[in-house]
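Input: a single structure, listed below in structure tokens.
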Amino acid sequence: MNDTEQQNVEETTPVRKAVSWAWLRDVLASVAVSVFIILFLYQPVRVEGTSMVPMLQDQDRLFINKLAYHVGEIHPSDVVVFHYPRDLTKSYIKRVIALPGDRLRIEHGRVFVNDRLLKESYVPLRFADERSQPEMTVPANEYFVMGDHRSISSDSRDFGPVDRTLIYGKASFVYWPFDQAGVVH
């Protein structure tokens, strides 16, 4: 190896090290940002079951916003993810029907909140049911939730209102299957 070749090798070694370090730094930064997003902002989840059909199908993949309810309020018709009150190792996804302090009753499948009939365009007629429930007032810090496929949904009609501390995310965006991708309403 002559002197020119030796000099070229010596000059490229620091450049390679700098490029390698920059690449490693960028990968580590990307991993850190991804971990932050998944732990604190958005989490991918998979729907298991058909209680939210037609909005969400069995095996749909979606992102839930984990920060939404730390900085904002839960609203009627929000689709929320929560720990199932009877088995905290399981998570359910349902729609918020009534808020703390609301008076709720169900007459032959028709839902009334504070004596007003809810207009539930998200519940197709073929998924409605005829169940009734006497009037109740939703307790403080609890939310009455129901699935959109009313005839098969296990929801607050069965296990009662859900405590606020069990709700950990708002369904935000379906990303799979791709042909059904979009914002959750």
- [ ] May I ask you to rank Ser121, Ser34 by accessible area, largest first, using a 1.4 Å probe over the protein chains only?
- [x] Ser121, Ser34
- [ ] Take the Cβ-Cβ distance between Arg16 and Val183 as r, set R0 to 41 Å, and report the resulting FRET efficiency rounded to the nearest 0.05.
- [x] 0.35
Task: region 16-109: radius of gyration and largest Cα-Cα distance (Dmax), Å - done: 19.5, 73
Task: Additional length obtainable on full extension of the chain from Leu24 to Phe36, 0.36 nm per residue less Cα span - done: 2.5 nm
Task: Check: the chain dipole with +1 on Lys, Arg Cβ and -1 on Asp, Glu Cβ, in debye - done: 560
Task: Thr50 accessible area, assembled protein chains, probe 1.4 Å, Å² - done: 60
Open item on the list: Once ligands and nucleic acids are excluded and a 1.4 Å probe is used, how much of Arg61 is accessible, expressed in Å² to the nearest 10?
Closed with: 80
TODO: With only Lys, Arg, Asp and Glu charged, each at its Cβ (+1 for the first two, -1 for the last two), find how big the charge dipole of region 115-182 is about the Cα centre; round to the nearest 20 debye.
DONE: 140
Open item on the list: Please list, ordered by chain and number, the residues whose modelled amide H lies under 5 Å from the amide H of Gln133; skip anything fewer than 5 residues away on the same chain.
Closed with: Ile106, Glu107, His108
TODO: Using a 1.4 angstrom probe on heavy atoms only, work out the carbon and sulfur share of the accessible area of region 74-185 in %.
DONE: 54
Task: Chain lengthening between Glu48 and Thr89 when straightened (0.36 nm per residue, less Cα-Cα) - done: 13.3 nm
Task: 5 angstrom amide H check on Tyr42, placed H, neighbours 5+ away - done: Lys66
Open item on the list: What is the angle, in °, between the Cα long axis of helix 3-36 and the longest principal axis of the Cα atoms in the chain? Nearest 10 is fine, range 0 to 90.
Closed with: 10
Open item on the list: Charges on Cβ only, +1 for Lys and Arg, -1 for Asp and Glu, centred on the Cα centroid of the chain; of Ala98, Gly72, Trp21, which one is farthest towards the dipole's positive end?
Closed with: Ala98
Task: Estimated translational D of the chain in µm²/s (Stokes, Kirkwood radius over Cα pairs; 37 °C; 0.692 mPa s) - done: 171
Open item on the list: From the protein chains alone at 1.4 Å, what is the descending order of accessible area for Val80, Val19, largest first?
Closed with: Val19, Val80
TODO: Would you rank Arg157, Arg110, Arg86 by solvent-accessible area, highest first, keeping every protein chain in place and using a 1.4 Å probe?
DONE: Arg86, Arg110, Arg157
- [ ] Within the chain, what's the longest run with no GluC sites (Glu not before Pro) in a DSSP loop and at most 15 other beta-carbon atoms within 10 Å? Give the range, please.
- [x] 74-129
- [ ] Keeping all protein chains in place, calculate the accessible area per residue for region 102-185 (probe 1.4 angstrom), answer in Å².
- [x] 56
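The values are calculated or read from the model by the stated rules, or taken from the named source; none is laboratory data. As the structure is a prediction and not an experimental result, all values here were calculated from the model. Cβ sites come from the backbone with ideal geometry, for glycine too, and all protein chains shown count toward neighbours. To get the accessible areas, we keep the full protein, side chains included, count just its heavy atoms, and leave off ligands, DNA and RNA. Shrake-Rupley method; radii C 1.70, N 1.55, O 1.52, S 1.80 Å.
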